[in-house]
Amino acid sequence: MPLPRPRSLAPSPSRSRLALRATTAAVGALALTLTTGCGGGGDDGKGGGEGRRPDGAQVTIRVPADAPTISDAVSLARPGDLVLVAEGVYRESVRIDTERVTLRGTSRSGVVIDGEVRRPNGIVVSAPGVAVQNLTVRNNTHNGVLITGSAAAVDALPGSGGYDTGDEPVTLLKSFLVSHVTATRNGLYGIYAFSAQNGVIEYSYASGGADSGIYVGQCRPCRIVVRDNIAELNAVGYEGTNASGDMYVVGNRLTGNRVGLTTNSDHQEKLLPQRDAVIAGNLIADNQQRKTPEQADGGWGIGIGVDGGSDNRFVRNLVTGHTNAGLVITATADLTADRNRITDNTFTANGVDVGWTFPTATRGRGNCLEGNELRTTVPAGLASTASCPTTAASPSGSWRYPAPPAGIPFTEVAAPAPQPEFPEAATTGPTVVPDTPDLPKITDIELPTPALLAGSAHVRTS
């Protein structure tokens with residue numbers, strides 16, 4: 001049974017003088033004037049002559065008051081600066097390659113970076129410690145927000161998927177934060193963390209992703225937390241490929257996609273195989289929405305899919321309303337799926353609650369269930385024959401899925417509902433992204449209700 005699996009901007013001429021607001025611990029607001037577009041005289045390579053920035057100053061660069069475009073503002077930013085964007089539609093692609101810059105909109109729905117279905121990426125982050133907050137990215141042919149240490153991903157050609165396929169060692173971007181971002185109608189991924197670690201994706205909304213709404217790939221150890229997000233009306237809500245080690249997906253609403261969540265191993269990416277992710281406290285419901293982009297491998301009506309992933313823990317998720325299966329574990333010809341623990345979840349109203357199907361040569365071992373509320377399994381009786389802990393070979397069953405219905409273009413997916421704003425977006429200073437995020441305690445994560453994050457969702461669960 002196939003499970004879903006995926007596949008340099010120069011700033012425009014700036015104003016000659018930019019009035020910048022600098023904030024430090026000692027100075028509340030300091031007006032600066034930096035001269036740009038002039039030769040010589042500057043000590044920072046980005047301006048000259050008059051009004052040099054004090055050492056250690058953190059500056060707020062306002063768009064369009066201080067710089068006409070977001071890219072112009074980012075090109076002026078130094079570590080610790082805040083780029084604060086006023087309401088408007090910005091038809092550009094933004095590249096942030098200066099560390100510890102905060103990019104924030106003053107209005108989540110009112111600040112829109114629009115790719116016009118001709119630019120690959122809305123925002124590309126290729127430096128550590130960057131925070132992206134409180135804005136909307138839409139209509140990009142590849143990704144809404146791309147966080148990566150991979151040059152191949154940044155410079156991806158159309159149709160390439162941006163994977164690392166050469167012999168070069170993996171370079172991981174070391175820290176990041178994406179918060180209160182709406183990513184909608186993007187041709188691959190809404191929010192895409194690839195070859196990155198030590199990051200958080202939170203309080204965000206992803207829809208219309210023609211591959212997946214939120215994607216984490218090619219990291220070990222990831223030390224990434226994906227929490228309190230909504231992913232709906234995508235081909236896949238959340239996907240983790242070759243994402244291993246302290247990888248947490250907790251408290252998310254993954255509803256009304258074609259497939260809710262997958263965690264898998266894939267030869268298209270490095271750092272095989274996938275292992276050691278925690279999927280806990282998520283609402284994963286009704287993932288057979290017709291008005292979604294068509295999933296390339298034909299996935300449909302599945303809550304959770306595990307394809308060649310091992311040592312993953314699925315804890316206290318509510319998995320409900322799937323025509324085909326609540327949770328499926330399978331493997332490829334050369335990648336096993338071993339020691340996955342499915343504990344204390346509630347499965348309701350699924351065609352099959354839990355199903356395992358393995359090729360003969362790669363039957364999994366040690367996969368087990370404990371404390372779950374479920375009705376049907378394939379093969380039958382898994383709750384008793386594969387109770388935790390076990391080291392035994394996993395029994396295998398199979399069943400036939402109906403063909404999925406045709407999808408719609410990603411550009412036609414329904415518009416998002418209004419989403420919560422970043423608190424005090426216009427008055428809060430830059431965000432300090434920690435070198436390592438705090439990781440959730442599994443014992444503190446509760447089983448969600450169908451009302452989880454429902455007020456901001458387009459799709460209502462049955």
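The values are calculated or read from the model by the stated rules, or taken from the named source; none is laboratory data. Values in this document were obtained by computation on a predicted structure and should not be read as measured data. Every residue, glycine as well, gets a Cβ built from its backbone with ideal geometry; the counts of neighbours run over all protein chains shown.
Filter region 282-306 down to the residues that are buried (at least 24 other Cβ atoms within 10 Å of the Cβ) and among the small types (Gly, Ala, Ser) and list them by number. Once the filter is applied, which keeps residues that are buried (at least 24 other Cβ atoms within 10 Å of the Cβ) and among the small types (Gly, Ala, Ser), region 282-306 yields Ala285, Gly299, Gly303, Gly305. Of the residues in region 270-278, at least one is surrounded by fewer than 22 Cβ atoms within 10 Å (Cβ to Cβ) and not in a loop (DSSP other than H, G, I, E, B).
Considering only residues that are of a type in the set (Val, Ile, Thr) and closer than 30 Å to Val101 by Cα, look in region 433-458 and name the one that is surrounded by the fewest Cβ atoms within 10 Å (Cβ to Cβ). Let's see the steps before the verdict.
Going residue by residue through region 433-458, those that are of a type in the set (Val, Ile, Thr) are 433, 436, 442-443, 445, 449.
Okay, now just the ones that are also closer than 30 Å to Val101 by Cα, so 433, 436.
On the way: Val433: 21, Thr436: 12.
It comes out as Thr436.
Would you be able to tell me the number of residues in region 256-307 that are among the aliphatic types (A, V, I, L, M) and over 16 Å from Asp211 (Cα atoms)? The qualifying residues number 10.
Return yes when Thr360 is among the polar types (S, T, N, Q), out of contact with any His (no Cβ under 6 Å at 6 or more places or on another chain), over 30 Å from Pro405 (Cβ atoms) and modelled with pLDDT under 95 and no when it is not.
Details: among the polar types (S, T, N, Q): yes; out of contact with any His (no Cβ under 6 Å at 6 or more places or on another chain): yes; over 30 Å from Pro405 (Cβ atoms): yes; modelled with pLDDT under 95: yes.
Criteria met by Thr360.
Applying the condition of being of a type in the set (Gly, Ala, Ser) and in contact with a helix residue (DSSP H, G or I) (Cβ under 9 Å, 6 or more places away or on another chain) to region 340-393 and asking which residue is nearest to Phe314 (Cα to Cα) yields Gly355. Among the charged types (D, E, K, R), surrounded by fewer than 24 Cβ atoms within 10 Å (Cβ to Cβ), touching a helix residue (DSSP H, G or I) at 6+ places or on another chain (Cβ under 9 Å) and in a strand (DSSP E or B) - does that describe any residue in region 307-321? Yes: region 307-321 contains one or more residues that are among the charged types (D, E, K, R), surrounded by fewer than 24 Cβ atoms within 10 Å (Cβ to Cβ), touching a helix residue (DSSP H, G or I) at 6+ places or on another chain (Cβ under 9 Å) and in a strand (DSSP E or B). Exactly one residue out of Ala131, Ala152, Ala86 is under 19 Å from Pro68 (Cα atoms) and either in contact with a strand residue (DSSP E or B) (Cβ under 9 Å, 6 or more places away or on another chain) or modelled with pLDDT under 95 (or both), and it is Ala86.
Within region 217-258, the set of residues being under 20 Å from Thr332 (Cβ atoms) and surrounded by fewer than 24 Cβ atoms within 10 Å (Cβ to Cβ) comprises just one member, Arg220.
Screening region 395-432 for residues that are of a type in the set (S, T, N, Q) and in contact with a Leu (Cβ under 9 Å, 6 or more places away or on another chain) and picking the one that is nearest to Gly326 (Cα to Cα) gives Thr431. For region 325-349, the set of residues classified as part of a loop (DSSP other than H, G, I, E, B) and crowded, with 24+ Cβ neighbours inside 10 Å consists of Ala331, Ala337, Asn340, Asn345, listed by residue number. So the check is Cβ under 8 Å with 6+ separation or different chains; which pairs have a first residue in region 273-290 that's within 17 Å of Pro450 (Cβ to Cβ) and of a type in the set (Asp, Glu) and a second one that's surrounded by fewer than 24 Cβ atoms within 10 Å (Cβ to Cβ) and modelled with pLDDT of 95 or more? The qualifying pairs are Asp286/Thr320; Asp286/Gly321.
Annotation note: Cβ proximity below 7 Å between a residue of region 73-90 that is over 22 Å from Gly115 (Cβ atoms) and a residue that is basic (Lys, Arg) (sequence gap 6+ or interchain) occurs for Leu76/Lys46; Pro79/Arg100; Gly80/Arg100; Leu82/Arg104.
Table: residues versus (1) at pLDDT below 95; (2) in a loop (DSSP other than H, G, I, E, B).
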site: Leu369; (1), (2): no, no
site: Thr391; (1), (2): yes, yes
site: Ser396; (1), (2): yes, yes
site: Arg400; (1), (2): yes, yes
site: Ala414; (1), (2): no, yes
site: Ala417; (1), (2): yes, yes
site: Pro450; (1), (2): no, yes
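Close Cβ contacts (under 6 Å, 6 or more residues apart or on different chains) running from residues in region 176-203 that are crowded, with 24+ Cβ neighbours inside 10 Å to residues that are at pLDDT below 95 and not in a loop (DSSP other than H, G, I, E, B) comprise Phe194/Ala153.
Which of the residues belonging to region 373-389 are assigned to a loop (DSSP other than H, G, I, E, B) and surrounded by 15 or more Cβ atoms within 10 Å (Cβ to Cβ)? Result: Leu374, Thr376, Pro379, Ala386.
Have a look at Asp97, Asp81, Asp72, Asp66 and point out the one that is surrounded by fewer than 22 Cβ atoms within 10 Å (Cβ to Cβ) and at pLDDT 95 or above.
Asp97
Identify, please: which residue in region 181-204 is touching a strand residue (DSSP E or B) at 6+ places or on another chain (Cβ under 7 Å) and in a loop (DSSP other than H, G, I, E, B) and is, among those, farthest from Val154 (Cα to Cα)? By that ranking, first place goes to Tyr203.
Residues checked against (1) under 29 Å from the mean Cα position of the chain (by Cα); (2) of a type in the set (A, V, I, L, M, F, W, C):
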residue	(1), (2)
Gly303	yes, no
Arg316	yes, no
Gly321	yes, no
Leu327	yes, yes
Thr336	yes, no
Ala361	no, yes
Gly371	no, no
Gly381	no, no
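To keep it simple, each residue is scored yes or no on (1) acidic (Asp, Glu); (2) not in a strand (DSSP E or B).
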| residue | (1), (2) |
| --- | --- |
| Glu99 | yes, yes |
| Ile113 | no, no |
| Arg118 | no, yes |
| Ile123 | no, no |
| Ala127 | no, yes |
| Ala131 | no, no |
| Asn134 | no, no |
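Inspect region 28-48 for any residue being at pLDDT 95 or above, more than 30 Å from Ala333 (Cα to Cα) and over 29 Å from the mean Cα position of the chain (by Cα) and give the result as yes or no. No, because not a single residue in region 28-48 is at pLDDT 95 or above, more than 30 Å from Ala333 (Cα to Cα) and over 29 Å from the mean Cα position of the chain (by Cα).
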